[in-house]
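**Student:** Structure provided below as C-alpha cells; questions to follow.
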Amino acid sequence: MNRIDITFANLKEQKRKALIPFITAGDPALDATVPMMHALVKAGVDIVELGVPFSDPMADGPTIQLASERALAHNTTLRDVLAMVAEFRQTNNETPVVLMGYLNPVERMGYETFAEECKKVGVDGVLLVDLPPEEAVDVEQYFKSRNVDMIHLIAPTTTDERIKIIGQVSTGYVYYVSVKGVTGSKAIDLNDVSQNLERIRKHISIPVGVGFGISNGETAAAVASVSDGVIVGSALVNLIAANSKDPQAAQEAVSELVISMRTALDAL
C-alpha cells in the first residue's frame, strides 16, 4: 500500500469522501507552489494533484492552459516540479501527491528515470493524459515496481471494453471526467454521472474520483454522494489567476473555497 491506498482506506472507514484539488506547478510563481500545497492540506484536502506545465495541454480549457503559460514563463520544468514535491515532503510525509501532465516531458526524461525520480521524491501517482491505457501496459512495470500508481481517465463516451482495459492498468484511483469536453466545463448532470459510475464499477474495483464542472460546495457534495471523491481544478486555478500578483491572497482565496467544499463533503 502507498499513501493513496492508505488515504482511501482511512476515508472509507470514516465514511468520508476524498477532496482532491488540482493546481499547476509554478503558477503564479515557482516559490508559490509548495506553500500552496501546504495551504491546501491545512484547508482539508486528502490528495494533491500537481499539474506539470506543458505548452500544448490539449485536454485542458483556457483556465488551465493559461496557468501552464504562466508557469512556463517562469521556465518551470518537470525537474522543478519533482523538486517541489521533494520540498513538500520535508514537512509532510502523509498527504499523497499525484503528478498530472502530458507525455512529452516524461518521454524526454525517460519512463524509467521518471518513475525512479517519482519514487525518490515521494510522488504517489501519475496521470499522463495522452498515454492510452493500451500503451500503458508497456510501461506500467516501471511504476508498479516502484509503488507509484498509474491513474487513468475515463470519459462518458468510454466503452465497457475500454473500461476493462483501464481497470487492468490503473492503480490508486481512476479519474472520471463528468462531462464531454475540456477542463473548466460548467454543465454537470448528476444522474448521468451516477449511471456511468454504476457502469464503471462493474469493471473497476478501485476508487473513482469525479472531476470537471465542480466549482462550489453544493456541486462537490452532490458529486461526492455518488462517487468516492471529487477533483477540483479550474475553480481553484481561476482564483490563483485572479490573485497572480499576490500569492498570499491566492492562498487565502483557494483555502476559503476548499474549506467550503470540505465542509459540504463532511456534511454528507
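Laboratory data are not the source of any read-out in this text; all were calculated from the coordinates shown. This is a predicted model, so every value here is computed, not measured. Glycine also receives a Cβ, built like all others from the backbone with ideal geometry; neighbour counts cover every protein chain displayed.
**Student:** May I ask for the longest run of the chain untouched by trypsin sites (Lys or Arg not before Pro) that are loop-located per DSSP and have at most 12 neighbouring C-beta atoms (other than their own) within 10 Å?
**Tutor:** It runs 16-179.
**Student:** Using a 10 angstrom cutoff on alpha carbons, build the Gaussian network for the chain and name the most mobile of THR33, THR158, THR219.
**Tutor:** Residue with maximal mean-square fluctuation among THR33, THR158, THR219: THR158.
**Student:** Same structure again: Take the chain, connect every pair of alpha-carbon atoms lying under 10 Å apart with a spring to form a Gaussian network, then pick out the residue of ALA73, ALA235, ALA18 with the largest mean-square fluctuation.
**Tutor:** Of ALA73, ALA235, ALA18, the Gaussian network model singles out ALA73 as fluctuating most.
**Student:** Per DSSP H run of at least 4 residues, take -39500 (n - 2.57); add these up for the chain, divide by its residues and hand me the 222 nm value, nearest 500 deg cm²/dmol.
**Tutor:** It comes out at -14500 deg cm²/dmol, rounded to the nearest 500.
**Student:** Ok, one more. If you line up the Cα atoms of segment 34-188 on their principal axes, what length do they span on each, largest first, in Å?
**Tutor:** 42, 37, 32
**Student:** Tell me the Kirkwood hydrodynamic radius of segment 160-268 in angstroms, computed as one over the mean inverse distance between distinct C-alpha pairs.
**Tutor:** 14.9 Å
**Student:** Still on this structure, I have one more. Do you know the Lys pair count in the chain for C-alpha distances under 22 Å, with sequence separation 8 or more or different chains?
**Tutor:** Taking the chain as the scope, the lysine pair count is 13.
**Student:** About the Cα centre of the chain, how large is the charge dipole given +1 on each Lys and Arg Cβ and -1 on each Asp and Glu Cβ? Please answer in debye to the nearest 20.
**Tutor:** 480 debye
**Student:** Got a sec? Charge dipole of segment 1-71, +1 on Cβ for Lys and Arg, -1 for Asp and Glu; which of SER68, PRO57, ILE47 is way out at the positive end?
**Tutor:** In segment 1-71, that residue is ILE47.
**Student:** List the GluC sites (Glu not before Pro) within segment 96-196 that fall in a DSSP loop (any state other than H, G, I, E or B) and whose Cβ has at most 11 other Cβ atoms within 10 Å.
**Tutor:** When the GluC sites (Glu not before Pro) of segment 96-196 are filtered for loop state and at most 11 Cβ neighbours within 10 Å, nothing remains.
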